[in-house]
Amino acid sequence: MTLAEAPPAGETVNGLTHDQVRAVLPHRWPMLLLDRVGKVEPGVKGTAVKNVSGTELWFQGHFPGEAVLPGIVITEALAQLAGVVFALAGASEISYLAGVRSMRFRRPVVPGDQLTLTAERTGGGAGFAEYRVSARVDGQVAAEGNLTIADPSRQRPVRKV
């Protein structure tokens, strides 16, 4: 599925493979963090999975001897899910993470874990959307917070004073 093949407004998408996610997001290895996207209501909410492997490059130095997935990587995975939800609602091909608020990390995420990600829109306006996000491992909250995603093609130009 590409953005050109996105479903009509209000139509739910049931599952995107890794290759289909690559068609929606501009990210590539090692920064494409979503292994699979589950159900997406374009512009409203979505779910995804990120499998955590001990071979990921961040584990080489965070922390040697006691591998822990960096919180910023979890946040980026959540932002990518929010970006998919936003893109399938008609945002441009590239959107930016524009804000992170109240992000909390509740438990360590280690190699072998599977992160179940959720993003649900809570607000927004012209060219941006706010999402409540969470990452869970075996039903336990690992991280949660609020993210803002912006579509640079729809931003108002800055006025000079």
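Taking the range 24-45, which residues are among the hydrophobic types (A, V, I, L, M, F, W, C), surrounded by fewer than 19 Cβ atoms within 10 Å (Cβ to Cβ) and under 13 Å from A82 (Cβ atoms)?
Once the filter is applied, which keeps residues that are among the hydrophobic types (A, V, I, L, M, F, W, C), surrounded by fewer than 19 Cβ atoms within 10 Å (Cβ to Cβ) and under 13 Å from A82 (Cβ atoms), the range 24-45 yields only V44.
Would you please name the residue that is modelled with the lowest pLDDT, looking only at residues in the range 1-23 that are surrounded by 13 or more Cβ atoms within 10 Å (Cβ to Cβ) and among the small types (G, A, S)?
Among those residues, the one meeting the criterion is A6.
Which of the residues that make up the range 16-43 are of a type in the set (V, I, T) and more than 13 Å from the chain's Cα centre (by Cα)?
Scanning the range 16-43 gives a single hit, T17.
As an exercise: evaluate G65 against (1) at pLDDT below 95; (2) closer than 21 Å to W29 by Cα and give the number of the one condition it does not meet.
(2)
Can you tell me how many residues in the range 52-77 are closer than 22 Å to R36 by Cα and over 16 Å from the mean Cα position of the chain (by Cα)?
Of the residues in the range 52-77, 8 are closer than 22 Å to R36 by Cα and over 16 Å from the mean Cα position of the chain (by Cα).
Enumerate the pairs (first residue in the range 96-111 and farther than 25 Å from G139 by Cβ; second residue anywhere and at pLDDT below 95 and among the aromatic types (F, W, Y)) with beta-carbon separation below 7 Å, excluding pairs fewer than 6 apart on the same chain, so at least 6 apart or on different chains.
A98/F128
Consider G43 carefully, then state whether it is more than 15 Å from E76 (Cβ to Cβ), modelled with pLDDT of 90 or more and out of contact with any strand residue (DSSP E or B) (no Cβ under 6 Å at 6 or more places or on another chain). Spell out how you get there, then give the answer.
Values: more than 15 Å from E76 (Cβ to Cβ): yes; modelled with pLDDT of 90 or more: yes; out of contact with any strand residue (DSSP E or B) (no Cβ under 6 Å at 6 or more places or on another chain): yes.
So G43 fits the description; yes.
Restrict the check to the range 76-84 and report whether at least one residue is more than 20 Å from V13 (Cα to Cα) and modelled with pLDDT of 95 or more.
yes
Among the numbered criteria (1) in a strand (DSSP E or B); (2) open to solvent by 10 Å² or more (accessible area, probe 1.4 Å); (3) not acidic (D, E), which one does A48 miss?
Going through the list (1) in a strand (DSSP E or B); (2) open to solvent by 10 Å² or more (accessible area, probe 1.4 Å); (3) not acidic (D, E), A48 breaks only (2).
Tally up the residues in the range 91-132 that are within 13 Å of the chain's Cα centre (by Cα) and among the polar types (S, T, N, Q), please.
3
The values are calculated or read from the model by the stated rules, or taken from the named source; none is laboratory data. Computed from a predicted model, the values in this text were never measured in an experiment. Cβ sites come from the backbone with ideal geometry, for glycine too, and all protein chains shown count toward neighbours. The accessibility values were calculated without ligands, DNA or RNA, using every heavy atom of the protein model including side chains. Shrake-Rupley method; radii C 1.70, N 1.55, O 1.52, S 1.80 Å.
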